[in-house]
Amino acid sequence: MLQCLNFTGAYFNFTGEINERRRNPLVKNTKVLLLTGDFTEDYEIMVPFQTLLTFGVAADAVTPGKRAGDSIKTAVHDFEGDQSYTEKPGHRFLLNASFDSCSAADYDGLYLTGGRCPEYLRLNPKVLALVQEFLRQGKPVAAICHGIQILTAAGVVRGRRLTAYPAIQPEIEAAGGTYLAVESDQVVCDGNLITAPAWPAHPAILRAFLKAMGVSGFLC
């Protein structure tokens with residue numbers, strides 16, 4: 001199949017799927033776990049995955065029930081004048097690791113994508129235990145948009161300040177957290193917990209996440 005190497009250092013085929021990971025040798029042993037699933041927001045998996053690769057960070061994208069080589073479907077959300085956002089089919093995204101073999105001890109940070117997948121991922125006890133373990137070990141945990149639903153279900157937001165898609169405010173407050181209403185391109189950092197309301201905040205949340213892991217500068 002025809003392939004090309006794009007500026008992120010990841011190979012793509014014509015479907016837009018990532019099928020090989022490259023690492024920058026200047027970043028030593030920095031590794032991130034991205035927890036995602038079917039009908040995650042397209043941008044909210046594609047952009048962080050590619051950005052991490054750009055900085056030479058190893059990135060493993062996983063979801064329960066699927067393994068490396070399987071793909072997930074994504075959704076594109078937009079605001080078109082209705083009372084809520086619209087949803088349309090997005091790109092397929094190729095997973096490059098298996099959830100069942102993941103351990104917090106093997107990674108430097110955890111990234112939770114948004115979209116629809118947090119609605120059902122938060123019902124999985126293994127997902128919640130994994131999130132709790134990352135935070136127990138003091139490692140950076142980033143969550144965007146509806147990804148914060150996993151944090152509230154895991155019981156890790158009590159006494160913490162965070163943001164999310166505005167509709168998640170009641171869940172945050174019910175779980176004992178403090179919801180901060182910020183612009184859609186802003187980030188809230190509370191210790192090792194890094195949150196953002198929506199994909200316009202990708203530059204801010206990814207900058208903060210990389211900094212929290214000790215990754216800085218544009219490596220090429």
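Annotations for the structure displayed:
- Residue-level analysis places LEU151 among those that are touching a residue at least 40 places away in the same chain (Cβ under 8 Å), more than 16 Å from ILE45 (Cβ to Cβ) and in contact with a helix residue (DSSP H, G or I) (Cβ under 8 Å, 6 or more places away or on another chain).
- Of all residues in the stretch 89-130, those satisfying the criterion of being exposed (fewer than 15 other Cβ atoms within 10 Å of the Cβ), free of Cβ contacts under 8 Å to residues at least 40 places away in the same chain and either under 18 Å from VAL157 (Cα atoms) or not hydroxyl-bearing (Ser, Thr, Tyr) (or both) are PRO89, ASP100, ALA105, GLU119, LEU123, PRO125, ALA129.
- Test: residue in the stretch 173-186 that is surrounded by 23 or more Cβ atoms within 10 Å (Cβ to Cβ) and not in a helix (DSSP H, G or I): yes
- Yes/no for ARG160 being buried (at least 16 other Cβ atoms within 10 Å of the Cβ), out of contact with any Pro (no Cβ under 8 Å at 6 or more places or on another chain) and under 22 Å from ILE72 (Cα atoms): no
- Checking VAL47 against (1) modelled with pLDDT of 80 or more; (2) in contact with a strand residue (DSSP E or B) (Cβ under 6 Å, 6 or more places away or on another chain), the condition it does not meet: (2)
Residue by residue, here is whether (1) part of a strand (DSSP E or B); (2) more than 14 Å from the chain's Cα centre (by Cα); (3) of a type in the set (Asp, Glu) holds:
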| site | (1), (2), (3) |
| --- | --- |
| ALA75 | yes, yes, no |
| GLU87 | yes, yes, yes |
| ALA97 | no, yes, no |
| TYR120 | no, yes, no |
| LEU128 | no, yes, no |
| ALA143 | yes, no, no |
| GLN149 | no, no, no |
| ARG158 | no, yes, no |
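- Restricting THR54, THR113 to those that are modelled with pLDDT under 95, under 16 Å from the mean Cα position of the chain (by Cα) and within 27 Å of ASN192 (Cβ to Cβ) reduces the list to THR54.
The values are calculated or read from the model by the stated rules, or taken from the named source; none is laboratory data. Since we're looking at a predicted model, the values are computed, not measured. Methodologically, a virtual Cβ is constructed for each residue, glycine included, from the backbone with ideal geometry; neighbour enumeration extends over all protein chains shown.
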